Amino acid sequence: MKIQILGTGCPKCVKLTEAVKTAADALGLAYEIEKVTDVNKIMAYGVMMTPGLVVDGEVKLVGKVPTVDELKKILAK
């Protein structure tokens with residue numbers, strides 16, 4: 001599973017990265033996390049507010065940091 005965190009490194013982006021790692025580890029997933037900081041690449045996903053969460057090329061979240069439980073539901077699909 002490829003997980004991308006879209007953002008410029010703001011505190012919310014860091015928090016989302018940590019929460020995603022926690023959720024993915026709890027589910028026992030094999031995953032790779034990539035941080036996308038290039039504004040043009042972020043906009044190419046249609047994301048105008050960060051942080052953004054992309055799982056296997058599909059935008060799942062924009063502009064918020066969900067709970068670990070919410071992330072587990074997103075990642076388990």
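Just name the residue that is surrounded by the most Cβ atoms within 10 Å (Cβ to Cβ) out of those in the stretch 66-77 that are in a loop (DSSP other than H, G, I, E, B) and touching a strand residue (DSSP E or B) at 6+ places or on another chain (Cβ under 9 Å). Spell out the reasoning first.
Step one: list which residues in the stretch 66-77 are in a loop (DSSP other than H, G, I, E, B), which gives 66-67, 77.
Right, trim to touching a strand residue (DSSP E or B) at 6+ places or on another chain (Cβ under 9 Å) and you get 66, 77.
On the way: 66: 17, 77: 7.
Of everything passing the filter in the stretch 66-77, 66 is surrounded by the most Cβ atoms within 10 Å (Cβ to Cβ).
Collect the residues in the stretch 25-63 that are in contact (Cβ under 8 Å) with a residue 24 or more places away in the chain, in a loop (DSSP other than H, G, I, E, B) and exposed (fewer than 13 other Cβ atoms within 10 Å of the Cβ), keeping them in residue-number order.
Correct list: 30, 56, 57.
Within 10 Å of the chain's Cα centre (by Cα) and of a type in the set (S, T, N, Q): is that true of residue 67 in this structure?
Against the criterion (within 10 Å of the chain's Cα centre (by Cα) and of a type in the set (S, T, N, Q)), residue 67 does not qualify.
Identify, please: which residue in the stretch 1-24 is out of contact with any strand residue (DSSP E or B) (no Cβ under 9 Å at 6 or more places or on another chain) and among the charged types (D, E, K, R) and is, among those, surrounded by the most Cβ atoms within 10 Å (Cβ to Cβ)?
Among them, the one singled out is 12.
Throughout, read-outs are computed from the coordinates displayed, never taken from laboratory work. All figures in this text were calculated on a predicted structure; none of them were measured in a lab. Every residue, glycine as well, gets a Cβ built from its backbone with ideal geometry; the counts of neighbours run over all protein chains shown.
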